[in-house]
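Since the structure comes first, as structure tokens, the remarks are kept for the end.
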There are 2 protein chains.
Amino acid sequence: MAKNKINTSVLSGFVELLPQSQFVFDTIKSTIENTYKKAGFVAIDTPTIEKSEVLFAKAGGETEKQVYRFTKGENDLSLRFDLTVPFARYVSEHYADLVFPFKRYQIGKVYRGERAQKGRYREFFQADIDIVAENNLSIMYDVEIISTIIKTISKLTSDFNLGNFKVRVSNRKIWDGFFSQFGIEDSKKVSAVAIIDKRYKFKTEDDFKAELKSVINDEKIYNLAIALLKIEYLPNIGISIPENHHSDFAFIKDNELMKQGITELETVMKFLPHNAVVDLSIVRGLDYYTGTVYETFLTNYPEFGSISSGGRYEHLCDFYTDKVICGVGGSIGLSRLFVPLIEDGKITIDKSIMDVVILPQNENCYKMATEIQDELNAKTNAKVSTIFENKKFKKLMEYANKINAKFAIIIGEDEVANNTVSLKNMITGEQQNISSTTLIDVLNKTLNK
Amino acid sequence: MAKNKINTSVLSGFVELLPQSQFVFDTIKSTIENTYKKAGFVAIDTPTIEKSEVLFAKAGGETEKQVYRFTKGENDLSLRFDLTVPFARYVSEHYADLVFPFKRYQIGKVYRGERAQKGRYREFFQADIDIVAENNLSIMYDVEIISTIIKTISKLTSDFNLGNFKVRVSNRKIWDGFFSQFGIEDSKKVSAVAIIDKRYKFKTEDDFKAELKSVINDEKIYNLAIALLKIEYLPNIGISIPENHHSDFAFIKDNELMKQGITELETVMKFLPHNAVVDLSIVRGLDYYTGTVYETFLTNYPEFGSISSGGRYEHLCDFYTDKVICGVGGSIGLSRLFVPLIEDGKITIDKSIMDVVILPQNENCYKMATEIQDELNAKTNAKVSTIFENKKFKKLMEYANKINAKFAIIIGEDEVANNTVSLKNMITGEQQNISSTTLIDVLNKTLNK
């Protein structure tokens, strides 16, 4: 660092990308946005800053400690730590002006002062979808949320060569009904659910089982819980309980909550493609989920954990309005997943940050260069940059190479005299002298492929 | 507001739009972004939060008072109040990894705790372009910045029917040379420039002149200053001084700064289209500009003042690096211009927030509805939303109307049996029963127009 200068380093835990990486990140963000839009979700944006009393209506403990909170004048303010709470506030505030079922997406930055570590950022993008309505909402919207997430992740994994993925789907009502069936008290239930939630984080399945057993105590209930974790969805049959446990689970026919959970899960699975599987170890820690819950895992990148999760909630707006707003939503952890992949060079894309560089050879060629730039901007979608450098030809070509341009257009005094341009394909090296009309045709043909 | 509920109102001075208005705003933002990209600028993003010492390296006075500043742990932090200072920090920090001339755009939110009033927000979007290089930068890049701003504003005014606009261009060197020619001391020069800067805010030109005269004092210098304000650019002739003043300005041939300023201004004007005019009353208050400066005005909306401004600077990075980075830039005040226009209904757009609504008539039609949704998402760019409501046909059509869908696809039991859909054009009312293949053709043809 230079002497007497201010240290310019970005704050620890904050992401800043070089232009090429930013281009990849923005391409990924557009892909998500475009898929969300096509699936029927409309954009909203909410302020980054909210009143603290709004954000902390529900949050507590760990989250509250991480929040960027400050006063400005007489206002107690905070930066949003997720997009869900601001959305609940938005729906409550604009209730009268929204059309329900209201399907919205929001892609934006959120802030958490977590301990900085790879893939954990203090400022990061979330990409959320939610569907909300008053009083009740068809289970088909749970299908829609998960199906939109599957479309989005399919597109991303295919565009960026990230391999296969699985969506694990469950329903909280099944566990809620199960634990109340056996009169398990709340604190014990919470502990058991927390262990189930961490199932795949235990070193071995035996470690997990031992931990679960130590909390549930009762051998019979423990065995049933383990059996529940094995249920799966079979097309044409539905939710299937392991055969040797059929009689043990006879009580379900009188357990409304479990019955309802199983029916809902069955409906959801009936409409989802085969990369969705039932897995009752998905419970989602956050207490606002009340029905369907899901998490998503990349087969080749287990280290990321769940890259998208969400579910059904019934009481999100209770702090702000008397209306009963129920909803279902999902979220993709855009920065957490893609920033490390981009930084590690795991993602490459075919598109170029710059399509064409125009290189006028000297001042006599500037007029023509700006005319060509204007014409290409008006008649093509090409990204075009003109460089006015009065440097040797070799230096100019080096520039075109450095910014990865696909084409260079060389304009020298001969070209000005003949009203033509020299078009060089930077990948093949092929060069041709053509009219500006031909130039537009060539670029439109090559770049819109 | 409901009893015992938290007040959900958005903070004063913060913008939050309903979905339809958000769609218009996002369309405008995309238009700007797309024009910037095509003109050769690449995207960067910087954190919203910076160290206060970085942001306040240059700022002072009013700006510093408005900033959202707070501590988190041991860090003294602030929300960015513009995109220029973070860009200077970015260039200094990543100097070794950037290719120069470096052309970047950045569209992002900035924060200022100003007194809230219409068109002045505390969180607002700026849309900036800058070109920077080390040591020197051709005057042609000043042309490129203004030309890109003209392309962008042309596209916006044409797409959204905002009428004509003018870009007023000047060069600070002309005034700097002028005042030093007559040995005007710095404090008097600053006052005079401040009055010139506000020329169009005076009630009458006479008020302006009286104020200017009271500061300059000397009758002869005052008269020359007024003459300078009349110079214009004439194609094929160049910068033209009013005829009756030719001998008074004979000193210019020995005034290097004025000569350079005039030559630069002439070069810039030579390459710009006719809606750019010379106007020496444009000086830009900010002290970092050193050469070309410009401001932009909508003919039909003088109340907005300048909607885009910028210019040439030479010392922006001096606080962060020993390298001499010079640059030229421009900025469009996205929120300040468009949020009031949208809220006042002055902007309407042709595009729809939703293209197609699929309306299955009952549960037996859900499977086909989801299949049609998936097929349209895979094979068209249409924005498609399926509604699972089990409501009367009339209610469903009301929904399609409320969200302004262009088409409704009705799927009843007959359609399921025949494997067809009923496609209703919501604008013409025309309805046809067609196969899903025909459906895709119709939508691709109609929506991609």
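Details
- Only one entry in A:S352, A:S385, A:S331 is crowded, with 18+ Cβ neighbours inside 10 Å, under 29 Å from A:R122 (Cβ atoms) and small (G, A, S), namely A:S331.
- Some residue of region A:132-141 being within 11 Å of another protein chain (Cβ to nearest Cβ), within 17 Å of A:Y313 (Cα to Cα) and part of a strand (DSSP E or B): yes
- Count - residues of region A:239-292 that are more than 32 Å from the chain's Cα centre (by Cα) and open to solvent by less than 30 Å² (accessible area, probe 1.4 Å): 4
- Taken together, the criteria exclude A:V67 from residues that are free of Cβ contacts under 8 Å to residues at least 40 places away in the same chain, open to solvent by less than 40 Å² (accessible area, probe 1.4 Å), closer than 30 Å to B:E50 by Cβ and more than 9 Å from every other protein chain (Cβ to nearest Cβ).
- Set side by side, the residues A:I146, A:I153, A:I129 differ, and just one is within 20 Å of A:N34 (Cα to Cα), more than 13 Å from chain B (Cβ to nearest Cβ) and within 23 Å of the chain's Cα centre (by Cα), which is A:I153.
- Any hit, region A:230-237, residues being touching an Asp or Glu at 6+ places or on another chain (Cβ under 8 Å) and open to solvent by less than 30 Å² (accessible area, probe 1.4 Å): no
- Subset tally (residues that are of a type in the set (S, T, N, Q) and farther than 18 Å from A:Y36 by Cα) for region B:381-403: 2
- Residues within region B:197-253 that are in contact with a Ser or Thr (Cβ under 8 Å, 6 or more places away or on another chain) and assigned to a helix (DSSP H, G or I), tallied: 4
- Verdict on A:T27 being modelled with pLDDT of 95 or more and more than 15 Å from the chain's Cα centre (by Cα): no
- A count restricted to region B:303-325 and to residues that are in a strand (DSSP E or B) and within 14 Å of chain A (Cβ to nearest Cβ) stands at 1.
- Output for region A:174-188, where each listed residue is part of a helix (DSSP H, G or I) and more than 19 Å from A:I226 (Cβ to Cβ): A:D186, A:S187
- If only residues of region B:407-417 that are surrounded by fewer than 20 Cβ atoms within 10 Å (Cβ to Cβ) and in contact (Cβ under 8 Å) with a residue 12 or more places away in the chain are counted, the one that is nearest to B:I349 (Cα to Cα) is B:G412.
- Scanning region A:259-302 for residues that are of a type in the set (D, E) and either modelled with pLDDT under 95 or in a loop (DSSP other than H, G, I, E, B) (or both) gives A:D279, A:D287.
- Contact map, region B:362-389: residues that are more than 15 Å from A:K155 (Cβ to Cβ) paired with residues that are basic (K, R) and part of a helix (DSSP H, G or I), Cβ distance under 7 Å, separation 6+ or inter-chain. Pairs shown: B:A382/A:K38; B:K383/A:K37; B:K383/A:K38; B:V384/A:K38.
- From B:G13, B:G60, residue being more than 7 Å from chain A (Cβ to nearest Cβ), at pLDDT below 95, touching a Lys or Arg at 6+ places or on another chain (Cβ under 8 Å) and part of a loop (DSSP other than H, G, I, E, B): B:G13
- A:F87, sole failed condition from (1) without any contact (Cβ under 8 Å) to a residue 12 or more places away in the chain; (2) under 27 Å from A:D26 (Cβ atoms); (3) of a type in the set (F, W, Y): (1)
- Any hit, region A:78-87, residues being modelled with pLDDT of 95 or more, more than 7 Å from every other protein chain (Cβ to nearest Cβ) and more than 20 Å from A:H315 (Cα to Cα): yes
- Selection over region B:107-145 of residues that are open to solvent by 20 Å² or more (accessible area, probe 1.4 Å) and β-branched (V, I, T) gives a count of 2.
- Check on A:V85, assigned to a loop (DSSP other than H, G, I, E, B) and either in contact with a His (Cβ under 8 Å, 6 or more places away or on another chain) or open to solvent by 10 Å² or more (accessible area, probe 1.4 Å) (or both): no
- Taken as a whole, the condition of being modelled with pLDDT under 95 and out of contact with any Ser or Thr (no Cβ under 8 Å at 6 or more places or on another chain) does not apply to B:S154.
- Top-ranked residue in region A:28-37 [being open to solvent by 10 Å² or more (accessible area, probe 1.4 Å) and in contact (Cβ under 8 Å) with a residue 24 or more places away in the chain; ranked as nearest to the other protein chains (Cβ to nearest Cβ)]: A:K37
- Among the strands (runs of 3 or more DSSP E) confined to region B:359-449, the ones with at least 2 residues that are over 16 Å from A:F100 (Cα atoms) are located at B:407-411, B:421-425, B:431-434.
- Qualifying positions in region A:88-98 - open to solvent by 30 Å² or more (accessible area, probe 1.4 Å) and facing chain B (nearest Cβ under 7 Å): A:E93, A:D97
- Residue count for region B:382-412, restricted to those that are within 9 Å of chain A (Cβ to nearest Cβ), at pLDDT 95 or above and touching a Lys or Arg at 6+ places or on another chain (Cβ under 8 Å): 4
- Within region B:38-57, being within 7 Å of chain A (Cβ to nearest Cβ), assigned to a helix (DSSP H, G or I) and surrounded by fewer than 21 Cβ atoms within 10 Å (Cβ to Cβ) holds for one residue alone: B:E53.
The values are calculated or read from the model by the stated rules, or taken from the named source; none is laboratory data. All values derive from a computational prediction rather than experimental measurement. All Cβ positions, glycine included, derive from the backbone under ideal geometry; neighbour counts span all protein chains shown. Only protein heavy atoms, including side chains, enter the accessible area calculation; ligands, DNA and RNA are left aside. Shrake-Rupley method; radii C 1.70, N 1.55, O 1.52, S 1.80 Å.
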